[in-house]
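Everything on this sheet refers to the single structure shown next.
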Amino acid sequence: MQDERSPFQKLADLLDGVVPVNEKDAQPINMTIGEPRHAFPDFIPDVIMKNAQYFRPYPQMRGTDEFRKAVEDWLNWRYDLGGLPLGEKNILPLNGTREGLFHACVGARDYARSQFGKDTSNAAVLLPNPFYHTYKGAAAAIDAEQIFLNGTAETGFLPDLDELAKETDLLDRTIAFYYASPANPQGNVADIATWKKLIALARKHRFFIFADECYSELYRETPPAGILQACEGDFSNVVTFHSLSKRSNLAGMRCGFAAGDGAFMTQWTKYRNLVAPQVSMAIQAAAAAAYRDEEHVKENRMLYNEKFDAARRILGKELPYETPPAGFFLWLDVSAFGDDVTVAQKLWKEVGVRVIPGSYLAREDRSGVNPGDGFLRLALVGDLAETEEALTRLRTCLIN
Ligand SMILES: Cc1ncc(COP(=O)(O)O)c(C=O)c1O
């Protein structure tokens, strides 16, 4: 039996009543939640105030022309799409990507039935493992079988598409594949060849790729390739999800977008008109302004990169890990020091550093292996001084 509690619930239960021994001397440091803490761009409140009259009317689901144009321009610039007009049908604002990722699964099931003629009574949804828990919640809500595809050191921390391609029966009943690049928690990214392989599988077996690219702008050096780049102008079977939560530190503003397959988006918009949250037009105006500014994103990346440099310095050779190409998590192999749950407990108790055991972010695969075993996820979201302090305490606790 798999444990269905959320990772955060499991951690709260694990550490319930455990008080850090030196709480009086050292402030506990929380590295569990992926909530950005850098400043958001200072022009945001002004844009919202200037558009405050739009708090009165209901916004339309499809978004304002201004928002869609800003997103279209940004996608063209970021992914070098050659001025491709994405058009009204290809872009939808979201109230944060989480709701979009959830509702997309319902859209995929409806589309599979009505347009692909699939029998969805035995539908499967593919997910990475470890995974963002909303994917699983979405698959569960439509009663689809959840198929977890491990992302381990051997697979480059992404699902192994060559192995998957052999499972033709499974792929035929698949309706959606949630594919995160950059991956959460590992931070690994798909290259163009991988995206193309994935698109070919989706078209052959007629399912949707829900490419979760919400960490795409938090890269170390090289901007990760996006799935739209690999589409070469044909977006069928592809929907990408982007968010301002991580790019612009605006998690509380709740704004992102979905872009891709126009036929899917048209049908999905009808469904969304019944049940999904629209995005306020004042918020869309602020989001459009955020997508038209890259300076704050550069600054944001620099702050994360400083922390990854500090991690390399502090953790050194004793704690082996690869600096992830993107994202703000450190996926730390601590298997040399015990199992991840015990190590997380020890860190909290002895040095007041709160982290998530990797096994809580994943689940056992068909052969009983949990790919998160032996890892910790550390969110580098605090400021540099706090991050350095946390990593120094971690090192002291585990090594000397
Ligand atoms: C992998 C991944 N996808 C999506 C989201 C949702 O982000 P938001 O709803 O703020 O856009 C998160 C948030 O932590 C995430 O880690």
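Within the bounds of region 71-85, is there any residue that is more than 29 Å from Arg173 (Cα to Cα), in contact with a helix residue (DSSP H, G or I) (Cβ under 7 Å, 6 or more places away or on another chain) and of a type in the set (Val, Ile, Thr)?
yes
Would you be able to tell me the number of residues in region 367-388 that are touching a residue at least 12 places away in the same chain (Cβ under 8 Å), surrounded by fewer than 19 Cβ atoms within 10 Å (Cβ to Cβ) and assigned to a helix (DSSP H, G or I)?
The total comes to 3.
If you take the residues in region 180-215 that are within 11 Å of the ligand (Cβ to nearest atom) and of a type in the set (Phe, Trp, Tyr), which one is nearest to the chain's Cα centre (by Cα)?
Tyr215
Out of all the residues in region 197-216, which are of a type outside the set (Asp, Glu), part of a loop (DSSP other than H, G, I, E, B) and crowded, with 21+ Cβ neighbours inside 10 Å?
Residues satisfying the conditions are Phe207, Cys214, Tyr215, Ser216.
Looking for whichever is without any contact (Cβ under 8 Å) to a residue 24 or more places away in the chain and outside the structural domain of Asp333 (by TED's automatic domain parsing) here; the options are Asp212, Asp191, Asp172, Asp234. Which one fits?
Asp234
How many of the residues making up region 309-333 are in contact (Cβ under 8 Å) with a residue 60 or more places away in the chain, in contact with a Leu (Cβ under 7 Å, 6 or more places away or on another chain) and within 19 Å of Tyr219 (Cα to Cα)?
6
Could you run through region 36-71 and say how many residues are out of contact with any strand residue (DSSP E or B) (no Cβ under 8 Å at 6 or more places or on another chain) and within 16 Å of the ligand (Cβ to nearest atom)?
5
So which residues in region 80-117 are on the phi > 0 side of the Ramachandran plot and under 16 Å from the mean Cα position of the chain (by Cα)?
Matches in region 80-117: Gly96 only.
Of the residues that sit in region 216-239 and are within 17 Å of Asn188 (Cα to Cα) and among the polar types (S, T, N, Q), which one is farthest from the ligand (Cβ to nearest atom)?
Once the filter is applied, the top-ranked residue is Thr222.
Could you check region 217-305 for helices (runs of 4 or more DSSP H) lying wholly inside it with 2 or more residues that are over 16 Å from the mean Cα position of the chain (by Cα) and of a type in the set (Gly, Ala, Ser)?
Because the criterion is at least 2 residues that are over 16 Å from the mean Cα position of the chain (by Cα) and of a type in the set (Gly, Ala, Ser), the helices (runs of 4 or more DSSP H) in region 217-305 that meet it are 262-275, 281-291.
From Ile142, Ile147, grab the single residue that is over 14 Å from the mean Cα position of the chain (by Cα) and over 30 Å from Pro59 (Cβ atoms).
Going through Ile142, Ile147 in turn, just one is over 14 Å from the mean Cα position of the chain (by Cα) and over 30 Å from Pro59 (Cβ atoms): Ile147.
Looking at region 336-361 only, could you name the residues that are of a type in the set (Gly, Ala, Ser) and either in a helix (DSSP H, G or I) or surrounded by 24 or more Cβ atoms within 10 Å (Cβ to Cβ) (or both)?
Ala336, Ala344, Gly358, Ser359
The values are calculated or read from the model by the stated rules, or taken from the named source; none is laboratory data. Every value quoted in this text rests on a predicted model; they were computed, and no experiment measured them. Cβ: placed from backbone, ideal geometry, glycine included. Neighbour counts: every protein chain shown.
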